[in-house]
Amino acid sequence: MINDPIALSPQGISAVILAGGDSRRLGIDKALLELDGQTLLSRVVQKLAPLSDDVIVVTNSPEDYEHLALGVRFVPDERPGEGALMGIYSGLTAATYPSALTVASDMPFLNMSLLRVLVDKIAGHDAVVPRLEGGLLEPLHAVYRKQCLPFMASVLAQGRRRIAAFLDQVDVFYVEQPTIDRLDPLGLSFVNVNTAADWKRAQQLLDRPPSE
């Protein structure tokens, strides 16, 4: 794993990658799909490693990824089968640092400039979340502090699985569309792979790499 002390966040931050989910629409483990000769999970780890020396992959099947030799920690869901919010909760609980940059394993075009802004803005806030036009949130491309944990636990205990369900109870800094457009003008940061059509698009987008 890359460990560049100059690139690491000065306040120290963990990185959590959600590799859970059953990939029902694809029928295979999307984290192991290869793009340009590299698995999606490997691409995400490589992108986050310069930002953190504590990279965590949340998965209940670590044996599926150990052969990749990623140099990460594997952490299981505290309660399997309860969705992405439980994955975030489990990763944040295990994080070494007070906050964690959190992304999904199927986001092949993460933009370093935007990621750095998310990390920088967490100081003084409980969460930093991109917000697109129309109020659409991207909570699987965000930063959360451990102060969020009791609020996550509360909504999970109520059977609520929507990631954003707890955000109205914490101090959130929203990174708005103009900032996102400036840092990621091609708008590829939030591209993910859920379907065969998504996978085809990701392969096509290799010819248009996101600007850094």
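The values are calculated or read from the model by the stated rules, or taken from the named source; none is laboratory data. No experiment lies behind these values; they were computed from the predicted model shown. Cβ sites come from the backbone with ideal geometry, for glycine too, and all protein chains shown count toward neighbours.
Only one of (1) of a type outside the set (Val, Ile, Thr); (2) modelled with pLDDT of 90 or more; (3) closer than 23 Å to Ile163 by Cα fails for Leu26. Which number is that?
(2)
Could you list, in sequence order, all residues of segment 29-57 that are hydroxyl-bearing (Ser, Thr, Tyr) and modelled with pLDDT under 95? Break it down stepwise before answering.
Going residue by residue through segment 29-57, those that are hydroxyl-bearing (Ser, Thr, Tyr) are 39, 42, 52.
Result: Thr39, single match.
What number goes with the only condition from (1) surrounded by fewer than 18 Cβ atoms within 10 Å (Cβ to Cβ); (2) under 26 Å from Leu33 (Cβ atoms); (3) in contact with a Ser or Thr (Cβ under 8 Å, 6 or more places away or on another chain) that Leu149 does not pass?
The number of the failed condition is (2).
Which pairs have Cβ atoms under 7 Å, sit 6 or more apart or on different chains, and link a residue in segment 123-141 that is farther than 13 Å from Arg162 by Cα to one that is in a loop (DSSP other than H, G, I, E, B) and hydrophobic (A, V, I, L, M, F, W, C)?
The qualifying pairs are Asp126/Val170; Ala127/Val170; Val128/Ile122; His141/Met107; His141/Phe190.
Can you name every residue in segment 154-208 that is exposed (fewer than 13 other Cβ atoms within 10 Å of the Cβ) and among the aliphatic types (A, V, I, L, M)?
Residues satisfying the conditions are Ala157, Ala196, Ala197, Leu206.
Give the residues of segment 66-117 that are within 21 Å of Arg131 (Cα to Cα) and of a type in the set (Asp, Glu), sorted by residue number.
If the condition is that a residue be within 21 Å of Arg131 (Cα to Cα) and of a type in the set (Asp, Glu), then Asp106 is the only one that fits.
Please state which one of Asp171, Asp198, Asp181, Asp207 is modelled with pLDDT under 95 and more than 18 Å from Val44 (Cβ to Cβ). Spell out how you get there, then give the answer.
On the way: Asp171 fails: modelled with pLDDT under 95; Asp198 fails: more than 18 Å from Val44 (Cβ to Cβ); Asp181 fails: modelled with pLDDT under 95.
The match here is Asp207.
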